[in-house]
Amino acid sequence: MEGYVTGIHRSPLRGHSVEFAEHRPYNEGENIKNLDWKLLAKTEKKYIKEYVEETNLKCHLFLDVSKSMYYPENHAKLKFSVLAASSLLYTMQKQRDAFRISIYDDEIVRWESEIRSTRTHLNVIISQLEHYWSKNNPTTNSKQLFSYQHFIKGIKKRNVVVFISDLLFPNGSDAYNEFWNTLSYLHYLKCEVVVLHVNDAQSELELDVNLGDQPLKFVDIETNEVVKLTPEEIASEYQNTEKARRKKIREKCLELGISFVDCNVSQPIENVLNAFYTKRNSRS
């Protein structure tokens, strides 16, 4: 058992419980307490009985609230992320699993909770997330400078780690490499890692701004950099570049054995959650 509370999850580990898993041949020198004595009496062959182990989970959820997450104007990406985080943590609490959340942007860790499993703990987190949903000024309980290395300090082997982000990294920063180095380390720890890639496919992938062939002024939300151009002139090249970027993200996740869930904010959130739980169940 990886934790100190027996939970309700089917674990890939073999341990002791009431549910039989399989027999395996006995190896000389092993403890004989797990021998199937009845099978030995019938076949005169030694087999070990293995059982499905049930264990509790510890979930670490990281929510990106950088300026790019406030796109488009209705803050659809941020609201979608808040709702997804709340739903996942609610499920964790119902299953009596321990969970925590870290809310961060490109500069600092804005707020982070302890890791607990109580309803009160969930209510505190939901109250904090409501600030982002209603566009209020959220409180900050951490002055820790943003660093992916800071996140992984409390994560142990076989924990569940969920990243909710649009995966847009500042130009010229080391955040991109740090992110993938962090995921590589979590893979080394045998953690179950899930990346929820939040995006507005209509405008961010298809570049559908519904303004015809008029010249437009594009403003970078994070750096305020301004670019003037006609969407039709760059649409094809932009789409190819963006598709290549997303394909690379998927391939890197596949390479590391990480579950990747595409979260188009124009789609119902239950579709995303169904995809999340389908990927989790496939690991059982």
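The values are calculated or read from the model by the stated rules, or taken from the named source; none is laboratory data. Everything numeric in this text was worked out from a predicted model, so none of it was measured. Counting neighbours? That spans all protein chains shown, and the Cβs are built from the backbone with ideal geometry, glycine included.
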**Q.** Lone qualifier among 223, 230 - being under 25 Å from residue 73 (Cβ atoms) and surrounded by 13 or more Cβ atoms within 10 Å (Cβ to Cβ)
**A.** 230
Q: Within the range 152-173, identify whether any single residue is at positive phi and touching an Asp or Glu at 6+ places or on another chain (Cβ under 9 Å), and answer yes or no.
A: yes
Q: Go through (1) within 19 Å of residue 254 (Cα to Cα); (2) buried (at least 17 other Cβ atoms within 10 Å of the Cβ) one by one and return the number of the condition residue 204 breaks.
A: (1)
Q: Sort out for me the strands (runs of 3 or more DSSP E) sitting completely within the range 166-230 that have 2 or more residues that are closer than 19 Å to residue 266 by Cα.
A: 192-199
Q.
Going through 38, 77 one at a time, which residue ends up being assigned to a helix (DSSP H, G or I), surrounded by fewer than 14 Cβ atoms within 10 Å (Cβ to Cβ) and at pLDDT 80 or above?
A. 38
(Q) Return the pair list, or none, for Cβ contacts closer than 7 Å from residues in the range 109-124 that are assigned by TED's automatic domain parsing to the domain that holds residue 145 and aromatic (Phe, Trp, Tyr) to residues that are in a strand (DSSP E or B) and buried (at least 17 other Cβ atoms within 10 Å of the Cβ), at least 6 apart or on different chains. (A) 111/103
Q. For the range 162-179, does any single residue satisfy the condition of being under 23 Å from residue 105 (Cβ atoms) and of a type in the set (Val, Ile, Thr)?
A. yes
Q) With respect to residue 239, is the statement that it is at pLDDT 85 or above and within 15 Å of residue 72 (Cβ to Cβ) true? A) no
